[in-house]
Amino acid sequence: NAGVTQTPKFQVLKTGQSMTLQCAQDMNHNSMYWYRQDPGMGLRLIYYSASEGTTDKGEVPNGYNVSRLNKREFSLRLESAAPSQTSVYFCASSEYYYGQGGYTFGSGTRLTVV
Amino acid sequence: DAKTTQPTSMDCAEGRAANLPCNHSTISGNEYVYWYRQIHSQGPQYIIHGLKNNETNEMASLIITEDRKSSTLILPHATLRDTAVYYCIGSNQGGKLIFGQGTELSVKP
């Protein structure tokens, strides 16, 4: 099993460009999450999807949109990238939102906006 | 979700037990204590979680005080590969994981 797969691993964007970060999990998990991590800081929750068909804002949702395409896939879109969105983005999944399980994280997408 | 307080950094000798403390004095009765770690540049890795009782798995042990205001993660025989940032998180069953700054553990030969 691959677990949580994120694509791309690295990306450089110009200010104002748009892009979509892809995330897929093969563990039949119900809940999925997007976090960002800035240098020297902890992870901050951007958006999450407690179950297929639902999405909700986290701590820092401004400038982002998400789509829970199906149970496996949860994408994060930057409509007009800004230098402040330079960060490492992590996707995670868990079996249940209302439950005791741990999260499984992907290996991250390193995004630079110039 | 409970606010947690951890030391910024700790050192541990290779082969010795690493004891990482966490204060969560505002934790409520239905909130679990989760521990994750993040090795440099990688995604966080789940370690263990507990509610009231002490827990042990193949990676670590979690000791929770009777009043649930603090806990300790124990890595029984630390190796160089355990060098990482360790996060203690309080979260109820309906809550999201909110990460703090964590403890940077350095295991030294």
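Some points to look at:
- For segment A:84-99, filtered to residues that are assigned to a loop (DSSP other than H, G, I, E, B) and more than 10 Å from A:Ala50 (Cα to Cα), the residue that is modelled with the highest pLDDT is A:Thr86.
- Only one of the numbered conditions (1) more than 12 Å from chain B (Cβ to nearest Cβ); (2) over 17 Å from A:Leu111 (Cα atoms) is not met by A:Met19, and that is (2).
- Of all residues making up segment A:71-98, the number that are loosely packed, with under 13 Cβ neighbours inside 10 Å and within 12 Å of chain B (Cβ to nearest Cβ): 1
- Hits in segment B:65-89 (condition: more than 8 Å from the chain's Cα centre (by Cα) and within 14 Å of B:His40 (Cβ to Cβ)): B:Leu80, B:Arg81, B:Asp82, B:Thr83, B:Ala84, B:Val85
- Residues satisfying the stated conditions in segment A:99-114, i.e. open to solvent by less than 20 Å² (accessible area, probe 1.4 Å) and out of contact with any strand residue (DSSP E or B) (no Cβ under 6 Å at 6 or more places or on another chain): A:Gly99
- Residue count for segment B:29-61 under the criterion of being over 18 Å from B:Ile74 (Cβ atoms) and at pLDDT 90 or above: the result is 5.
- Exclusive hit being modelled with pLDDT under 95 and within 26 Å of B:Ser41 (Cβ to Cβ), set A:Gly42, A:Gly63, A:Gly53: A:Gly42
- Single unsatisfied condition, A:Gln11 versus (1) open to solvent by less than 10 Å² (accessible area, probe 1.4 Å); (2) in contact (Cβ under 8 Å) with a residue 60 or more places away in the chain; (3) not aliphatic (A, V, I, L, M): (1)
- Summed over segment A:25-70, residues that are more than 30 Å from B:Thr8 (Cβ to Cβ), crowded, with 17+ Cβ neighbours inside 10 Å and touching a residue at least 24 places away in the same chain (Cβ under 8 Å) total 9.
- Tallying residues that are of a type in the set (S, T, N, Q) and under 19 Å from B:Tyr86 (Cα atoms) within segment B:22-41 yields 4.
- Residues of segment A:22-51 satisfying the condition of being within 11 Å of the chain's Cα centre (by Cα) and more than 13 Å from every other protein chain (Cβ to nearest Cβ): A:Gln22, A:Ala24
The values are calculated or read from the model by the stated rules, or taken from the named source; none is laboratory data. Here the structure is a predicted model, which means the values were calculated and not measured. As a convention, Cβ positions derive from the backbone with ideal geometry for all residues, glycine included, and neighbour counts pool all protein chains shown. In case anyone asks, the SASA skips ligands and DNA or RNA and just uses the protein heavy atoms, side chains included. Shrake-Rupley method; radii C 1.70, N 1.55, O 1.52, S 1.80 Å.
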